[in-house]
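One structure below.
Here, each number is a calculation from the coordinates, and none is a lab measurement. None of these values were measured; they are calculated from a predicted model. Cβ: placed from backbone, ideal geometry, glycine included. Neighbour counts: every protein chain shown.
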Amino acid sequence: MTQEQHFVIESEPVLGAKSPKIHGVAQWPETPACGPDCWPTVIICHGFKGFMEWGFFPPLAELLVERGFTVIRFNYSGSGMRPGDELVTDLEAFRSNTFSLELIETLRVLQAAGTEIAPDHVDPERIALLGHSRGGGASLLAAAHPDWRNRLRALVTWAGVGTFDRFDAAAKKAWHAKGALPIQNARTGQDLELGIELLADLENQSAVLDLPAAAVLRRAPWLIVHGGGDETVPPTEAEALNRAAVGPKELLIVDGASHTFGAQHPFAGPTRELIKVMNASQTWLRRHLCGG
């Protein structure tokens, strides 16, 4: 029987404002994967315009809980979404989000796992990160961070970005001139804006946000999963990260698979590609968190 905890923890203040909130849910089984009192834990990080209830995240969590893992999902405060939302309801939070804030919040969830989140159901020596798209980038940065470089036991990225700089010169020029970059959520049709804070973060924190450098620094065994037909993040980015990575790693390119491995929101069931990805991921996590 699955047990769960809905949680709210404080993030970091943004420009001196009140600390934003990180909303999430932790789930765990009655019997852990590695025997009594051993709770291997997977923290799932969503991507840009994503959220913890999107498409494949709930069934992924269910699969991992069935395999004996504690699973933590959460919304980055800059997603502008709370549990149950289908649209961005906090437009200012979305607008002021930054890559650095997502790294801070990933580290905050890691730090809270087992104390504020799922107390007594997290083994601090058996924690993994699994991130999709931009969440894969945040997960990689967290895995390379000095506080977690020697502590994280496994890393899995699905369609992870190889760089956060995805904007051409014309877009950046207009962004600087207007103070914001308008975008549209293709799924919902909602008109949104990226604030100048995101561009400033990209320009001023390039060393911190260097994903190929993080690939070298991280030590956790890393499964790099990417769709061969990814229309959003080309598989060449996964291949470049794999070449840069030092230490235990494996690259899995799924032939013809899209950025979401054929999954949609609302979730309509797993595709063959997604089943392959989920099976490979849970095998990797069991191997490196449970030793088998």
Exercise for the section: Could you check what % of the DSSP bridge pairs in the range 4-78 are antiparallel, to the nearest 5? Expected result: 75 percent
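Quick one: work out the % antiparallel among DSSP beta bridges in the range 7-159, nearest 5.
Values: 9 of 24 bridges.
Once the DSSP bridges in the range 7-159 are tallied, antiparallel ones form about 40 percent.
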Practice task
Of the options H176, A220, V25, report the single residue whose Cα projects farthest towards the positive end of the charge dipole of the chain (beta-carbon charges: Lys, Arg +1; Asp, Glu -1).
Solution key: A220
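Full-extension gain between T163 and E250, please, as 0.36 nm times their residue separation minus the C-alpha to C-alpha distance. Write down the numbers at each step before the final one.
On the way: separation 87, 0.36 × 87 = 31.32 nm, distance 1.92 nm.
Value of the extension gain: 29.4 nm.
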Fill in the blank from the handout: By Cβ neighbour count within 10 Å, fewest first, D90, D191 rank D191, D90
Completion exercise
Under the rule rounded for a/c under 1.5, else prolate if a/b exceeds b/c, else oblate, using alpha carbon gyration tensor axes a ≥ b ≥ c, the range 172-216 is classed as oblate
Problem - Most to least packed among 36-46, 179-189 [average Cβ atoms within 10 Å] - result: 36-46, 179-189
Practice task
Let me know the shape class of the range 20-135, please: from the alpha-carbon gyration tensor, a ≥ b ≥ c as square roots of the eigenvalues, rounded when a/c is under 1.5, otherwise prolate if a/b is greater than b/c, or oblate.
Solution key: prolate
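Classify the range 198-292: rounded, prolate or oblate, from the alpha-carbon gyration tensor (a ≥ b ≥ c, eigenvalue square roots; a/c under 1.5 rounded; otherwise prolate if a/b is larger than b/c)?
oblate
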Fill in the blank from the handout: Residue-normalised 222 nm signal for the chain, counting each DSSP H run of n ≥ 4 as -39,500 (n - 2.57), nearest 500 deg cm²/dmol, is -9500 deg cm²/dmol
Fill in the blank from the handout: Dipole check, the range 1-105, charges on Cβ (K,R +1; D,E -1), about Cα centroid: among L103, G35, C45 the Cα furthest to the positive pole belongs to L103
Handout entry: Modelled FRET efficiency - R0 41 Å, E239 with V208, Cβ distances, 0.05 increments
Key = 0.95
Practice task
Could you bin all the Cα-Cα distances of the chain into 5 Å bins starting at 0 and give me the percent of pairs in each, rounded to whole numbers?
Solution key: 1, 6, 13, 17, 20, 18, 14, 7, 3, 1, 0, 0
Practice task
May I ask you to list the trypsin sites (Lys or Arg not before Pro) in the range 10-75 that are in a DSSP loop and have at most 10 other Cβ atoms within 10 Å of their Cβ?
Solution key: K18
Problem - Qualifying GluC sites (Glu not before Pro) in the range 153-246, DSSP loop, other Cβ atoms within 10 Å at most 15 - result: E231
